[in-house]
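One structure below.
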Amino acid sequence: MSTPLLEVNNLRVSFKMHAGEVQAVRGVSFTLDKGEVLAIVGESGSGKSVTAQTLMRLTPTPPSYIKEGSILYEGKTDITKLSEAQMRKVRGAEMGMIFQDPMTSLNPTMTVGMQIAEGIRKHEKLSKKVALARAVELLKLVGMSNPEGRIHQYPHELSGGMRQRVMIAIALACHPKLLIADEPTTALDVTIQAQIMDVMRDVQEKTGTSIILITHDLGVVAELAQRVIVMYAGQVAEQGSLHDIFYNPRHPYTWGLLKSVPRLDSDRNSDLSSIPGTPPDLYAPPKGCAFAARCPYAMKLCLENDPPQFEIDGPAHTAKCWLNHPDAPKVDRPIETGGAAHV
Amino acid sequence: MSDAPILELTDLRKHFNLSGGRVLKAVDGLNFNVRRGETFGLVGESGCGKSTAGRTIMQLYEPTSGSIKFDGRDVSRLTKSERMKFTKEMQMVFQDPYASLNPRMTVGKIIGEGLEIHGLASGRKRTERVAELLDAVGLNEEHANRFPHEFSGGQRQRIGIARALAIEPKFIVADEPISALDVSVQAQVVNLFKKLQRERDLTYLFIAHDLAMVKHISDRIGVMYLGKLVEVADSDELNANPLHPYTQSLLSAIPLPDPEQQKSRERIILKGEIPSPLNPPSGCPFRTRCPHAMDVCAQTMPEFKEVKPGHFVACHLY
């Protein structure tokens, strides 16, 4: 097996605020293989975006600090140890990022072509003409009609879907090995979301880049991802293949997430199942399992002891829940969970 | 549920005059009824006019033409005092639980304000009533003395719902009430809406862009595109048998949280984007993106007609 593109080990990121320290990311570990599409799922405040931004060192210091852990890129460079000047060579060239809001992430005073060419010229020292020609190619890649005309337009002349295509083109401009997409379709309408997901799948197939997809939408995960990490309160609650997470989930939080999505064939007269309560305060995370307070299966042990990652049929699928301990009581997984009915 | 409509819209239009003599036809000829005790879901993408429709029904905008009948009365042109009576019957829950609560008022004041304005309760009675309402939406009495910033998004939306319920309206217009919330919290709030409806005989107009959620909460659904209704049907019928090509593509664009189902189904991915409502296409507004567009579609707007009992569609294919 070749070296993974990215190896994240026990990453901890905190924000030092007036009121104290917010422990946004609390010991996250995962690997990403070359050409793999990994989804990080979680709700607001789960630490998914901070994790992704830390991979590119985009969270400002202060207030954020990497307290512990390493991010090994291609098995040799530790991203957490790089200086800002060194990071500038990595951003864009090695890793590209797509942000959620295409309205505010583009420069309103620059034409689309110049914005795409900017990164290319910076990293590859090409002439303006050559860089613009490449911008046209990139716009073609992301399915933009009339790319020769579009490069002379400003962001305000484009719709939300088109701006998101431009963002993808900018992120891809220097052939990065890793594309980080933070909620790339959340701000878009469903029919446009479907178009953008199509573009991302197409781009991944054509360029072979690895993708980390940050999202709260399990539908988007099912459509694009190969492997899934479920985050809760700054930690990895469960991780596994797409099939593991949807058809053999082993963490009650994953069950809750899967069950709270309405399905087109669900019974209208029954209540949606929801997860009671709210996530814990990350100024003072609980001592035991972070999910215990909301978990219908919580035991006394869960309130006292933070569970380790239990391997489920091998290291590729792990769940941070005591229910997977050999001595734990057997609970019936709610059978309507995701596709669990097919298992 | 009786079949007598509580709300009847006839050819409702709301046009906005913009600079340079341009006219934005946000809502352009809506015809539908909402039955007493049901939830009517209004769906569509950004800019389709669904929120404007909700606000016009609520009398936040004055309609350009057409009529709104509520409980048999025309309410589209009310005087100030008539409007006051009308707002007692109809209340609204807004999308953004952060922007729609006054940050300087305590929760008790926010919820109790309507009681005071309509002269329904004051003093101790008001405090009791607020406590009851907080309990009904799953919060508790002590929350009345706190300020909105002390609550999470889901809790704030519960406060917004308690405020809407305070003066015991018959009808609630909920404009994207869950789209700013996390998935697990969305489910909590949707369940709350359903519980309150059962307990209080409420009628809802539920406006949203998320067809999966709307399908779950609504008895009937109307689909809007560029200011016009393109299809209305019972929720199950719309899902099982969507007739309008736009409804078909909307349904197929929802990514299903099930990888195998997602892979095996056929998806219709629409070309292009919604045209500007300032310059809508001639004839059928959807024809520029429609996979079945014919010559006639560019010439005449298809009639909105009942093709099956209770199933209305505006499309030349039917």
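Just so you know, all these numbers are worked out from the coordinates, no wet-lab data involved. These numbers come from a predicted model, not from an experiment. Cβ placement follows ideal geometry from the backbone for every residue including glycine, while neighbour counts extend to all protein chains displayed.
A few points about this structure:
- Mean residue ellipticity (222 nm) of chain A, computed from DSSP H runs ≥ 4 via -39,500 (n - 2.57), nearest 500: -8500 deg cm²/dmol
- Just checking the listed ones, A:Ser64, A:Ser105, A:Ser83: in the Gaussian network model of chain A with Cα springs under 10 Å, the one fluctuating most is A:Ser83.
- DSSP assigns beta bridges within the protein assembly as shown; of those with both partners inside it, close to 60 percent run antiparallel.
- Residues in region B:179-184 carry Karplus couplings, in order, of 6, 8, 9, 5, 3, 5 Hz; the curve used is 6.51 cos²θ - 1.76 cosθ + 1.60 with θ = phi - 60°, and Gly or Pro positions show x.
- Using alpha-carbon coordinates, inclination of helix B:80-89 to the longest axis of chain B, degrees: 90
- Pairs from the list A:Lys48/B:Lys195; A:Lys128/A:Lys177; A:Lys259/B:Lys69; A:Lys48/A:Lys81; B:Lys50/B:Lys305 with a Cα-Cα gap above 29 Å: A:Lys48/B:Lys195; A:Lys259/B:Lys69.
- Rounded to the nearest 500, the 222 nm mean residue ellipticity of chain B from helices alone is -10000 deg cm²/dmol, with -39,500 (n - 2.57) taken per DSSP H run of at least 4 residues.
- Most mobile listed residue (B:Arg267, B:Arg126, B:Arg35) in chain B, GNM with C-alpha springs under 10 Å: B:Arg267
- With a 10 Å cut-off around each Cβ of B:270-283, the average count of Cβ atoms from other chains is 2.
- On Cα atoms only, tilt of B:123-136 relative to the major axis of chain B in degrees: 50
- Protection proxy ranking for B:158-165, A:311-318, using the average of other Cβ atoms within 10 Å per residue and placing the highest first: B:158-165, A:311-318.
- Computed from backbone phi, the HN-Hα couplings of region B:216-231 come to 5, 8, 8, 7, 10, 10, x, 10, 10, 9, 6, x, 10, 7, 9, 7 Hz, rounded to whole numbers (Karplus: 6.51 cos²θ - 1.76 cosθ + 1.60, θ = phi - 60°; Gly and Pro given as x).
- Gaussian network model of chain B, Cα within-10 Å springs - most flexible of B:Ile274, B:Ile172, B:Ile217: B:Ile274
- Contact order normalised by residue count of chain A, Cα under 8 Å, 6+ apart, percent: 19
- Reported value for region A:143-258: 124 Å³ per residue, from the convex hull of its C-alpha atoms.
- If the segment from A:Lys89 to A:Arg268 were pulled out straight at 0.36 nm per residue, it would be longer than the present Cα-Cα gap by 59.1 nm.
- Taking only the Cα atoms of region B:118-186, the radius of gyration and Dmax are 12.8, 38 Å.
- Label zone at A:Asn107 (point 7 Å along Cα-to-Cβ), backbone N below 19 Å, region A:125-142: A:125-136, A:138-139
- Shape analysis of region A:253-342 places it in the oblate category; the axes a ≥ b ≥ c from the Cα gyration tensor give an a/c of at least 1.5, with a/b not above b/c.
- Span from the region A:100-151 Cα centroid across to the region B:68-146 one, whole angstrom: 51
- For chain A, the C-alpha radius of gyration divided by 2.2 N^0.38 Å, with N the number of residues, is 1.04.
- Three principal axis extents of region B:73-194 based on alpha-carbon atoms, in descending order, are 41, 33, 26 Å.
- DSSP-defined antiparallel bridges as percent of all bridges, chain A, nearest 5: 60
- Within region B:5-314, antiparallel bridges make up roughly 60 percent of the DSSP beta bridges whose residues both belong there.
- FRET efficiency, A:Gln153 to A:Thr31 (Cβ-Cβ, R0 51 Å, nearest 0.05): 0.80
- Longest exposed-site-free window of chain B, the sites being GluC sites (Glu not before Pro) in a DSSP loop that have at most 12 other C-beta atoms within 10 Å: B:1-265
- Put simply, the C-alpha atoms of region A:85-133 give a gyration tensor, and the ellipsoid matching it has half-axes of 19, 17, 8 Å, longest first.
- Per residue, the convex hull spanned by the Cα atoms of region B:1-102 measures out at 143 cubic angstrom.
- Of the chymotrypsin sites (Phe, Trp or Tyr not before Pro) found in region B:81-134, those in coil by DSSP whose Cβ has at most 15 other Cβ atoms within 10 Å are B:Tyr98.
- Normalising the average separation of contacting C-alpha pairs (under 8 angstrom, six or more residues apart) by the number of residues puts the relative contact order of region B:5-314 at 20 percent.
- J(HN,Hα) series, region B:239-249, from Karplus relation 6.51 cos²θ - 1.76 cosθ + 1.60, nearest Hz, glycine and proline x: 6, 7, 9, x, 9, 6, x, 5, 4, 4, 6
- Relative counts (whole %) of C-alpha pair distances in the protein assembly as shown, using bins that are 10 Å wide: 3, 14, 23, 25, 20, 11, 3, 0
- Over region B:190-318, the hull volume per residue, using the convex hull of the C-alpha atoms, is 129 Å³.
- Interchain or long-range residues, amide H under 5 Å from A:Lys67's placed H: A:Arg12, A:Val13, A:Ser14
- Rg/Rh, computed from the Cα trace of region B:69-118 with Rh as the Kirkwood radius, has the value 1.06.
- For region B:5-314: Kirkwood Rh in Å [reciprocal of mean 1/r, alpha carbons]: 20.6
- Average beta carbon contacts from partner chains per residue of B:44-50, 10 Å cutoff: 2
- Peptide A:2-13 shows a mean partner chain C-beta count of 0 within 10 Å per residue C-beta.
- Cβ-Cβ FRET estimate between B:Ser19 and A:Arg201, R0 fixed at 45 Å, reported to 0.05: 0.60
- Centre separation in Å (Cα based) which lies between region B:189-217 and region A:234-300: 23
- In region A:122-212, trypsin sites (Lys or Arg not before Pro) in a DSSP loop with at most 14 other beta-carbon atoms within 10 Å: A:Lys125
- Close amide-amide hydrogen proximity is noted between A:Tyr232 and A:Ala237, each under 5 Å apart and 5 or more residues distant or on a separate chain (H modeled in the peptide plane; Pro and chain starts excluded).
- Counting every C-alpha pair in region A:24-160, the share spaced more than 24 angstrom apart comes to 44%.
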